[in-house]
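Notes to accompany the following structure.
The values are calculated or read from the model by the stated rules, or taken from the named source; none is laboratory data. In this text, all values refer to a predicted model and were calculated from it rather than measured experimentally. With ideal geometry, Cβ positions are generated from the backbone for all residues, glycine too; neighbour counts draw on all protein chains shown.
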């Protein structure tokens, strides 16, 4: 019985501590696998902004309460991986400009840095 309890605690340890085993800089295929088919919740001062990264290279963002800041409640765009960075271009948000991001995973949190110097955090839904 004691062995089962210890085995369960060991198995659950990464979830309880927020550790994912995939910490560190995300590169190439590991970066693609981290976002493709998943929703990334970008942290903002007024709430999370969910961005769904589809496997076909398209993305959908829903701004919710951020609509007055970004100009619309939702937007579509494209994403791709280039030189170990996640690049994306929205149809209308961010004036339709392309930006590329480096991403570093730290447990359940992803720290991002955009090619213009802006930084922030996000969470990737499993």
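Pairs are defined by a Cβ separation below 6 Å, a sequence spacing of at least 6 or placement on different chains, a first member in the range 64-90 that is part of a loop (DSSP other than H, G, I, E, B), and a second member that is surrounded by fewer than 19 Cβ atoms within 10 Å (Cβ to Cβ); the pairs so defined are 73/67; 84/27; 84/28. Taken as a whole, the condition of being in contact (Cβ under 8 Å) with a residue 12 or more places away in the chain and surrounded by 15 or more Cβ atoms within 10 Å (Cβ to Cβ) applies to residue 105. Scanning the range 95-107 for residues that are in contact with a helix residue (DSSP H, G or I) (Cβ under 8 Å, 6 or more places away or on another chain) and not in a strand (DSSP E or B) returns a single hit, 107. With respect to the conditions (1) surrounded by 15 or more Cβ atoms within 10 Å (Cβ to Cβ); (2) at pLDDT 80 or above; (3) touching a helix residue (DSSP H, G or I) at 6+ places or on another chain (Cβ under 8 Å), residue 38 falls short on a single one, namely (3). For the range 52-73, the criterion of being closer than 25 Å to residue 106 by Cα, modelled with pLDDT of 80 or more and exposed (fewer than 13 other Cβ atoms within 10 Å of the Cβ) is met by at least one residue. Considering (1) surrounded by fewer than 19 Cβ atoms within 10 Å (Cβ to Cβ); (2) over 12 Å from the mean Cα position of the chain (by Cα), the lone condition that residue 85 does not fulfil carries the number (1).
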